[in-house]
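Where a number appears in this text, it was derived from the coordinates with a stated rule and is not lab data. Please read all numbers here as calculations on a predicted model, not as lab measurements. So basically every Cβ, Gly included, is an ideal-geometry build from the backbone, and we count neighbours across all protein chains shown.
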Amino acid sequence: MIVNVAKPMEELKNLLADYRRVFILGCGGCPLGCETGGPARLEELKAELTRADRSVSGTQMIDFLCNKALVGAQLRYQVPALKNSDAVLVVSCGVGVQATAAMIDLPSLPANNTLNSQGMQGLWPSVERCDGCGDCLLHLTGGICPITRCAKNLINGQCGGTHDGKCEVENTRDCAWHLIYEKLKALGKLDNLKKLPKLRDYRNWDVSDRERHTTRWALEEDQLYQAPKAVGKQ
Amino acid sequence: MSKLKEALEAGTFAVTGELGPPKGVNIAAMMEEAEKYLKGCVLAVNVTDNQSSVMRIGSLGISAKLVSAGFEPVYQITCRDRNRLAIQSDILSGYLLGVRNILALTGDHPSLGDHPGARCVFDLDSVSLLHTIATMKNGKDLSGADLQGAPKELFAGASVTPGADPVEPQLLKMEKKVEAGARFFQTQAIYEPAKFEKFMKAAGKLKIPVLAGIVIVKSPAMAKYMNEKVAGVFVPDEIIKPLSAASKEDRPKVAIDLMAKLMKDLKPMCQGFHIMAMGWEKYVPELISKAGTA
């Protein structure tokens, strides 16, 4: 399972500052296990955003947002609502936000921070990767992750090594910051580049012992491992 | 006090040179070349930091050596090999040893160099490094703690690639660098005055001194290499053809004449030159005098 936690509501309001009409998209995979997603959180977010003077143009749950084909196929039914939206708030891990951004022309904004990948149940990523940096910036980068796609994990724009839109490390590899630039230009959001934080806080990149051992789906701790041990004791 | 800062703030045309430290502790040849060809000829001398990710003696050590030999160094710092603790500490060490100018660079990826298996750091990048320098000048470190003595006279610069295509991302980053504290720019090599003029027009609103980068094209093979491998650099046929036509003995003279003409074309558009001779230091005095910037 990919462990993710909800971004604080204040941060969500900030990252939604420029967008009035918001579509909320939820992943039916890991966020359910983490209790950071699912229909209940979508309803909660809808209520919070409505109170914060946003109009929620629609909500949808899709099983496994990391599966781009599924995201594309399912969102086809939401085209009318998406046409009435300024942005999509994606309640998933970083892979789901990137996969959604790759399938639609609207800004895709992360509702969660991703901490750790454990087990991988249901995970079906394409080129989108999430390193669980714990401080998701995808709302500023057009849904393209600079942490995993830039060879240097840069967060302040392209380095001097970018060549014809490719990376200095490998000439077949896209320069992440070239992709981000093109995407932000298409979205009319080049100003986002100025909003990126200068410094990163790397503390969230390494996860706490508790998050490291999260196996809430398999219930290993409680049922599979603890039960036989308990039996043995008797 | 930085002479480079004084010159650029007074609007005086400034020429800087560059030294690539050797791999090892024998720096006699490098220092001799510097004494012979750069002293009195350029205002300040850049010292590269493990250039192209190839391990060499450090830019801090050589910068300090240059200070004691009567040069003004531009201490290049990349973010590839050191995290924020090491970089801040090195900045203070450099200041203590008389280093005032710093060029803040992101740095090449280790996979391009001679230790391709090295882990890269990039805790900071060029923008956050400039922010770090500005913070330290104000008497604080990145944690917000007070410094016991601030490196107040630091003069920070950055680099930019005017020939990048598209150039807009470069300009956007240049603006971020200025906001973060860059007070001068030294550019990647330029061979196309028209393209540079367009770039300088767009960069004009930043009102920041730009030293145009001059890399002497020594041979047609070097031109071909740069065109294929070096990001944002294009050597046009007007430079390659005369070099190809010249005999091997005549090549240095032809190359210097071509670069001098290029510099004359570029001079009205910029506030200085940054000459990267890459082993041809001995031709630098002649190049500067022919370009009319002595």
* To do: Please sort A:186-198, A:57-69, B:15-27, B:173-185 by packing, taking for each peptide the average over its residues of neighbouring beta carbons within 10 angstrom, highest first.
  => B:173-185, A:57-69, B:15-27, A:186-198
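Please order B:74, A:169 by the number of other Cβ within 10 Å, starting at the fewest. The partial results should precede the final answer.
Working: B:74 30, A:169 18.
Ranked by crowding around the Cβ, least crowded first: A:169, B:74.
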* Is chain A rounded, prolate or oblate when judged by the Cα gyration tensor, a ≥ b ≥ c being the square roots of its eigenvalues, rounded requiring a/c under 1.5 and prolate requiring a/b larger than b/c? -> oblate
* **Amide proton proximity set for residue B:276, modelled H, under 5 Å, gap of 5+** => B:214, B:215, B:216
* Structure fact -> Given backbone amide H placed at 1.01 Å from N, residues whose amide H is under 5 Å from that of residue A:3, ignoring those fewer than 5 places away on the same chain, are A:115, A:116, A:117, A:118
* log₁₀ of I(q)/I(0) at q = 0.13 Å⁻¹ - the protein assembly as shown, Debye sum with one point per alpha carbon -> -1.21
* Non-local amide H neighbours of residue A:61 (under 5 Å, H modeled in plane, Pro and chain starts lacking H): which ones? -> A:26
* Likely footprinting exposure, B:210, A:3, fewest C-beta neighbours within 10 Å first -> B:210, A:3
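What's the average, rounded to a whole number, of partner chain beta-carbon atoms within 10 Å of each residue's beta-carbon in B:189-199? Spell out each step's value before the answer.
Values: counts 0, 0, 0, 0, 0, 0, 0, 0, 0, 0, 0.
Partner-chain Cβ atoms within 10 Å, mean over residues of B:189-199: 0.
Take every DSSP beta bridge whose two residues both sit in the protein assembly as shown, then give the antiparallel share in percent to the nearest 5.
On the way: 8 of 54 bridges.
In the protein assembly as shown, DSSP labels about 15 percent of beta bridges as antiparallel.
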* Relative contact order, percent, chain A [alpha-carbon distance under 8 Å, six or more residues apart] -> 19
* Go through the range B:263-270 residue by residue and turn each phi into a ³J(HN,Hα) via Karplus (6.51, -1.76, 1.60, θ = phi - 60°); whole Hz please, and just put x for glycine and proline. => 5, 4, 5, 7, 3, x, 8, 10
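So what's the back-of-envelope 222 nm ellipticity for the protein assembly as shown, counting only DSSP H runs of four-plus at -39500 (n - 2.57) apiece and dividing by all residues, rounded to 500?
Working: 22 runs with 196 residues, N = 528.
Using -39500 (n - 2.57) per qualifying helix, the result is -10500 deg cm²/dmol.
Only bridges with both residues in the range A:2-233 count here: give the DSSP antiparallel percent, nearest 5.
On the way: 7 of 22 bridges.
Bridges in the range A:2-233 are about 30 percent antiparallel.
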* Starting with the highest mean, order B:213-224, A:96-107 by the number of other Cβ atoms within 10 Å, averaged over the residues of each peptide. => A:96-107, B:213-224
* Other chains near A:185-193: what is the mean number of their Cβ atoms within 10 Å of each residue's Cβ? -> 1
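For residue B:242, what charge total do you get from the other residues with a beta carbon under 12 Å from its beta carbon, if Lys and Arg give +1 and Asp and Glu give -1?
Values: positive: B:241, B:251, B:253, B:261; negative: B:237, B:238, B:250, B:257.
Its environment carries a net charge of 0.
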* Calculate the spin-label point distance for residue A:207 paired with residue B:238, positioning each point 7 Å from the Cα along the beta-carbon direction, and give it in nanometres. => 5.9
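Partner chain Cβ atoms within 10 Å, averaged over the residues of B:176-186 - can you pull that number for me?
Numbers: counts 6, 2, 0, 2, 2, 0, 0, 0, 0, 0, 0.
Mean partner shielding for this stretch: 1.
Where Rh is the Kirkwood radius over the Cα pairs of the range B:153-294, the temperature 25 °C and the viscosity 0.890 mPa s, what D in µm²/s does Stokes-Einstein return? Before the final figure, lay out each step's value.
Details: Rh = 15.7 Å.
Here the translational diffusion coefficient equals 156 µm²/s.
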* Expressed as a rounded percentage, what relative contact order does chain B have, with Cα pairs under 8 Å and six or more residues apart? -> 18
* Structure fact -> P(r) of chain B over all Cα-Cα pairs, 5 Å bins starting at 0, rounded to whole percent, reads 1, 5, 12, 16, 19, 18, 15, 8, 3, 1, 0, 0, 0
* Determine, for A:205, B:280, the number of other Cβ atoms within 10 Å of each Cβ, and report the residues in order from fewest to most. => A:205, B:280
* Structure fact -> Expected vector for the range B:184-190, Karplus 3J(HN,Hα) from phi with 6.51, -1.76, 1.60 and θ = phi - 60°, integer Hz, x for Gly and Pro, equals 7, 10, 10, 9, 4, 3, 10
